[in-house]
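Asks: This structure is in C-alpha cells; I'll ask about it shortly.
The values are calculated or read from the model by the stated rules, or taken from the named source; none is laboratory data. None of these values were measured; they are calculated from a predicted model. Reconstructed Cβ throughout: ideal geometry from the backbone, glycine too, with neighbour counts over all protein chains shown. Heads up: the accessible areas ignore ligands, DNA and RNA and are worked out on the full protein's heavy atoms, side chains in. Shrake-Rupley method; radii C 1.70, N 1.55, O 1.52, S 1.80 Å.
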Amino acid sequence: MHPDHSEPQPLSAQLPVRRTIDPASAERRVGRHRAPEPPRRGPGRSVPGRIAVATGVTCCLGLVGVVGVGEAAPPDLTVSEALADRVAVEQRASRDFTRVAPPVAAPAPPAPSVAAPSPAPARKKAPRKPARPAHPRPVAGLDQRQMDNAKTIVEIGRDMRLPRRALVVAVATALQESDLYNLASDVLPESFDQPHQGSGSDHDSVGLFQQRPSSGWGTVAQLMRPAYAARAFYTALAEVPGWEDMSVTGAAQAVQVSAFPDAYAKHENRAATVVAALI
C-alpha cells in the first residue's frame, strides 16, 4: 500500500453525526426574541452563478440570430451559397458600371424656323438718259460756238415746256439775226464789257436775237446773256395769238418785227436739224 493512502475507515465513521438540539438553544430560536439567521446566498449572487446566467443569455441570443438568418435566406440555400450569390451580383454590377456608358439624352430637335417674309421687289428705276455733253457735236455746218448757243436756246424752251415748233422758230430767228453768235453793238460801248463773240452795227441791237434795250427788252448786260435773251424771245412768242398755226417766218416776224419778214424762212430746215440733234 502506498504510504499516502490511509486505511479505510469503518462505515460508522463515514456517516454524519446527528447533532442533538439543546433545549435552551431551541427555545431561543423559536421564542419571542428570535435571533436572526445569517443571510443565505442565492445562486445568482455567487460568482459561479453569475457565470452560468451569462452563458445562458449568450446562448439564447445566438439562437435568436440563427433563427433570423434562416428566415431571411431562402429555405433551400445554405449560408455559403447565399454569400456566393451576393459576391456574383456585386462583381456583375461593378463590370456593368465600368463598361456600360450611361445613356446620353438625344439633343432636342431645333425649333422650326419661321421663314422671314421676302422683301418686296425693289422697283426698277427707269434708266437715266445719258447726260448730254457740255459741248454737243456741231451739226448743219455750225461751229462749236454756234452749237453751244443753239443748245442754250433749246434748253430754255424745254424748261418753259414749249412745243418743239417753238424751238425751231427760235433757232431759225437767231440764225437770221446774229448767225447764232452773241454779238455786242458798236453803238453801245458798254456791250463790249460783257462776254461776246463779235459785234454788229444795227442801231442798239445786241445778243443772239439782236434785241434793243431802247425797245424794253432788257438791259445791255441782260441781253448779252444767251439764256436771258432766249427766255425773253419765248415769252414774247407765247403772247402772239395763234403762233402755233403760223409758219416759222410768220411766227418769227410777229415777235421781231423785222424789215425783212421773209428772211427767216431760209433757215427753217437747218434749225430743225439742230433742234433734232439737241433733244
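Asks: Applying the selection to segment 178-209, what residues are touching a residue at least 40 places away in the same chain (Cβ under 8 Å) and not small (Gly, Ala, Ser)? Lay out the reasoning, then the answer.
Replies: Taking segment 178-209 as the starting set, the residues that turn out to be touching a residue at least 40 places away in the same chain (Cβ under 8 Å) are 182, 184, 197, 208-209.
Those that are touching a residue at least 40 places away in the same chain (Cβ under 8 Å) and not small (Gly, Ala, Ser): Asn182, Gln197, Leu208, Phe209.
Asks: Go through (1) closer than 21 Å to Arg270 by Cα; (2) open to solvent by 90 Å² or more (accessible area, probe 1.4 Å); (3) modelled with pLDDT of 75 or more; (4) not small (Gly, Ala, Ser) and name the single condition Asp159 misses.
Replies: (1)
Asks: Could we say that Val206 is on the phi > 0 side of the Ramachandran plot, over 60 Å from the mean Cα position of the chain (by Cα) and among the β-branched types (Val, Ile, Thr) here? Can you show your working first?
Replies: On the way: on the phi > 0 side of the Ramachandran plot: no; over 60 Å from the mean Cα position of the chain (by Cα): yes; among the β-branched types (Val, Ile, Thr): yes.
Criteria not met by Val206.
Asks: Does segment 209-218 include one or more residues that are touching a helix residue (DSSP H, G or I) at 6+ places or on another chain (Cβ under 6 Å), open to solvent by less than 10 Å² (accessible area, probe 1.4 Å) and of a type outside the set (A, V, I, L, M)?
Replies: Yes, segment 209-218 contains at least one residue that is touching a helix residue (DSSP H, G or I) at 6+ places or on another chain (Cβ under 6 Å), open to solvent by less than 10 Å² (accessible area, probe 1.4 Å) and of a type outside the set (A, V, I, L, M).
Asks: Within segment 267-279, how many residues turn out to be without any contact (Cβ under 8 Å) to a residue 12 or more places away in the chain and either acidic (Asp, Glu) or over 18 Å from Gly157 (Cα atoms) (or both)?
Replies: Going through segment 267-279 one residue at a time, the tally reaches 1.
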